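Please read the structure below before turning to the comments.
The values are calculated or read from the model by the stated rules, or taken from the named source; none is laboratory data. From a predicted model like this one, the values you see are computed outputs, not experimental measurements. As a convention, Cβ positions derive from the backbone with ideal geometry for all residues, glycine included, and neighbour counts pool all protein chains shown. Quick note on the areas: whole protein, heavy atoms, side chains included, nothing else; ligands and nucleic acids left out. Shrake-Rupley method; radii C 1.70, N 1.55, O 1.52, S 1.80 Å.
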Amino acid sequence: MRTSVGERLLDLAVSGVLWGFRILLVAAVLLGTIATIRAGKYTSEQWIDFVVFGISQGSIYALIALGYTMVYGILRMINFAHGDIFMTGAFGAYFLATWLNGIGFIDNHPILGLLIPILFAMIMAGGIAMLVERIAYRPLRGAPRLVPLISAIGASFFLEYAFRGFFGPGVYAYPPIKALEGEWNVLGVGILKVQVVVAVAAFIMMAILYFIVMFTKAGKAMRAVSESKDTAALMGIDVNRIIVSTFALGAAMAGAAGVLYSLIYRQVGFFMGFTPGIKAFTAAVLGGIGNIPGAMVGGLVLGVFESVGPSLFLEGLGIPRPYQLKDAIAFTMLVMILLFRPSGILGERITTKKA
Amino acid sequence: MLKLDNVHTFYGNIHALKGITLSIEKGEIVTLIGGNGAGKTTTLRTISGLLKPREGSVTLEGEDLIKYKAHEVVYKGVSMVPEGRGVFARLSVMENLEMGAYSLKSKQELDKNIERVFTLFPRLKERRTQVAGTLSGGEQQMLATGRALMANPRILLMDEPSMGLAPVLVELIFETIQQINKVGVTVLLVEQNALMALAIADRGYVLQTGEIVLTDTAENLKKNPMVQKAYLGVE
Ligand SMILES: Nc1ncnc2c1ncn2[C@@H]1O[C@H](COP(=O)(O)OP(=O)(O)OP(=O)(O)O)[C@@H](O)[C@H]1O
Ligand SMILES: [Mg+2]
């Protein structure tokens, strides 16, 4: 209890600045929103478009975020190669889909033409993630926490440049699925089919994952291992096997997300995992890292904010090119959440009661 | 049944077990008593495979246990109730019990064992859907014990089950240990509460700074002046 007056003043000043920052940000968002709405530049149809786009984009973030959050939950480690795992899935699907398209399969069977590449991407991403875990992470288990983090960054570069080496620096166009072109008319509002399909597919995947984690024996074992590896081993659980399964499951979700992403943006390239990867990481932190429902919520919140934000509050503030600041919104949110609520939106829901 | 012979276990350079030799016969309750840091937990973790000894042997009915990984030792019939109970705080009571039965193959056996645990600890049945982290200390000890029984162990290792519990609960837990033992489970009970442990044990070992300094029947240990002085608080 011997803090000097100077120290206390400094503390006060820091928290004052932080509060000022918070108030400024909220004020900016509010003022911008009011100004935009007053200007009335956008029709309500356009707003719906923004939100729908945000949901489909956000559901992709959410799918990727699950892998970050599950691996963190079980190993307390950020798998920075996860965005590149997403890329490998997209690449695998691209080659398969291109071939299927060549033989006319996608035009004749659009649903299978969508599902088969997704399944292939999941298997491919899952397989690569298992290799990465075995080679780059498992030997470092028990090392100080910074070490696997560095190894993860190495794995990330390795995957990116291996794919660049094989397939070049250019981007490939994911084959079009004709059945997904155009719009559906929902209550008089036109909504792009591809965005609906992407969001629905992502939600189905998330539901499957949630079911696995909550209700299957392997899923319960994953949760047990994430609480204590030693105690889990005392139950007869092969901890290494559960860890690998966790990597594979998270990677399968990222692989599927890679295909969904390619459906929207139609571009596949060696560097495509970088931005969605850090966005999804942001989403995982936003929802509370280690928390599975949190990753889903975080992804959706991030997607919608990013999509609506530029026109809703940035434009109202008179910022000339609000869309260029889309990514700034995501990372401002990351910084804000780390500063003010490090446990994330959903946070720790259950604490360990030491009795 | 279970034999440790000249077991040396290290934590890095720290020599925690300095040649432990002990044996437990089928159907016995054997207690291992000793003060803080004597090496009781280390002994149990060495038996269950969480730690590997640098020297010596651990055998169960003649079979070497050291060559198995911790999760494989469970399949050999060794279950452990860890120190501080170690329930999975975010899992429900039911899920904790299911994890205890992870090594079982059949669903019928799982259901049968759950019923058995619920008869042993009716309180757990009332709390089956509750998250284990919100149970009281006594309930957590019941859960940790029940969970260890789910695997149909031949030998049960218990690390200080009385720790932090009210006397009534300690009695309940110890009665349960006797019940479990009566139906054929061999028990190795680690305790600082020597009075309670010697009351239900057949034999005991006294551990001091990584070495067994004394072993005898529980009756004789209770009368032993050194044990009385050091562990029973008798002057
Ligand atoms: N993880 C560890 N790293 C280093 N030393 C350890 C570790 N765990 C235990 N030790 C040391 O090994 C010795 C034996 O510890 P152990 O936990 O087996 O004692 P114990 O008899 O169970 O004590 P208690 O009654 O307090 O639980 C102690 O000196 C302890 O400091
Ligand atoms: Mg101990």
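A few remarks follow.
- Hits in the stretch A:10-36 - residues which are among the β-branched types (Val, Ile, Thr) and either closer than 21 Å to A:Gly298 by Cα or in the same structural domain as A:Ala330 (by TED's automatic domain parsing) (or both): A:Val26, A:Val29
- Inspection of the stretch A:183-190 finds no residue satisfying the criterion of being within 23 Å of A:Phe86 (Cα to Cα), in contact (Cβ under 8 Å) with a residue 40 or more places away in the chain, open to solvent by less than 50 Å² (accessible area, probe 1.4 Å) and hydrophobic (A, V, I, L, M, F, W, C).
- Listed conditions (1) more than 22 Å from A:Leu249 (Cβ to Cβ); (2) open to solvent by 10 Å² or more (accessible area, probe 1.4 Å); (3) touching a helix residue (DSSP H, G or I) at 6+ places or on another chain (Cβ under 7 Å) are all met by A:Ile106, apart from (2).
- Pairs linking a residue in the stretch B:189-201 that is within 15 Å of B:Glu175 (Cα to Cα) to a residue that is basic (Lys, Arg) and away from ligand 2 (no atom under 13 Å from the Cβ), with Cβ atoms under 7 Å and 6 or more positions apart or on different chains, are B:Leu198/B:Lys222.
- Within the stretch B:144-160, considering residues that are open to solvent by 10 Å² or more (accessible area, probe 1.4 Å) and away from ligand 2 (no atom under 16 Å from the Cβ), the one nearest to the other protein chains (Cβ to nearest Cβ): B:Ala151
Residues checked against (1) within 16 Å of ligand 2 (Cβ to nearest atom); (2) open to solvent by 20 Å² or more (accessible area, probe 1.4 Å); (3) more than 17 Å from B:Met80 (Cβ to Cβ):
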site: B:Leu17; (1), (2), (3): yes, no, no
site: B:Glu25; (1), (2), (3): no, yes, yes
site: B:Asn36; (1), (2), (3): yes, yes, yes
site: B:Gly39; (1), (2), (3): yes, no, no
site: B:Ile47; (1), (2), (3): yes, no, no
site: B:Lys52; (1), (2), (3): no, yes, no
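- The criterion of at least 3 residues that are in contact with a Pro (Cβ under 9 Å, 6 or more places away or on another chain) is met, among helices (runs of 4 or more DSSP H) falling completely within the stretch A:221-335, by A:229-234, A:239-265.
- Candidates A:Arg141, A:Arg164, filtered to the one that is in contact (Cβ under 8 Å) with a residue 12 or more places away in the chain, in the same structural domain as A:Ser245 (by TED's automatic domain parsing), surrounded by 13 or more Cβ atoms within 10 Å (Cβ to Cβ) and touching a Pro at 6+ places or on another chain (Cβ under 8 Å): A:Arg141
- Filtered by the rule that a residue be at the interface with chain A (Cβ under 8 Å from one of its Cβ atoms) and surrounded by 15 or more Cβ atoms within 10 Å (Cβ to Cβ), the stretch B:54-71 gives B:Ala70, B:His71.
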